[in-house]
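Step one of this worksheet: look at the structure below.
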Amino acid sequence: MPLNAVGAPQNTTISSRAPFRKTFVLIESLVALGGLMGTAQLLTGTFTPPVSVLEPIGLSSWMLPGLWLFGTVVVPSAAAVFLAWRRSPWAPPVVLLASVTLALELLVQIPFLGPSLLQAVFGTIAVVMAALALRARRVGWWPRPAGRRRPGR
């Protein structure tokens, strides 16, 4: 029987070639949406902490933190959603990247805002999604290095 790109028989289901795909799409969509809402709040000054918490680093508005949130949460999560939706082999590495940048965003927040339940929830999401991305790699959903031949060819 011919083998597919991950070395499994070709009659396997699509979901076995893209493990956790639906989870990646759902959770990363929610993370991107949450990041987008947070970005909008920071950029418009709606429900933001006092600007005085930013004075130690020389900022006088929430503009730069809003753009930082967009770049570290919204962009990587949206890219992960797009790639997972298309079953791209790059989806798990981008989910892993999105998890790392989300964790970085949370670590940057804590000195200024203090710890919160929301940070704990998103931190847990970052850890779980990173673990799932690594698990997807282990079962074969990961880009192949250029020039490597597929097994059986």
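Coordinate-derived values only; no laboratory data. Quick caveat: nothing in here was measured; it's all calculated off a predicted structure. Virtual Cβ from ideal backbone geometry, glycine too; neighbours counted across all protein chains shown.
Fewest-first ordering of S52, S88, S99 by other beta carbons within 10 Å of each residue's beta carbon gives S52, S88, S99.
For the pair L113 and L64, label points projected 7 Å from Cα toward Cβ lie 1.8 nm apart.
Decide, for region 38-77, between rounded, prolate and oblate: order the square roots of the alpha carbon gyration tensor eigenvalues as a ≥ b ≥ c, take rounded if a/c falls under 1.5, and otherwise choose prolate if a/b is larger than b/c, else oblate. Because a/c hits 1.5 or more and a/b fails to exceed b/c, region 38-77 counts as oblate.
In percent, rounded to a whole number, the relative contact order of region 19-138 is 29, using alpha-carbon pairs under 8 Å and six or more apart. Convex hull volume of the C-alpha atoms in region 19-138, normalised per residue: 88 Å³.
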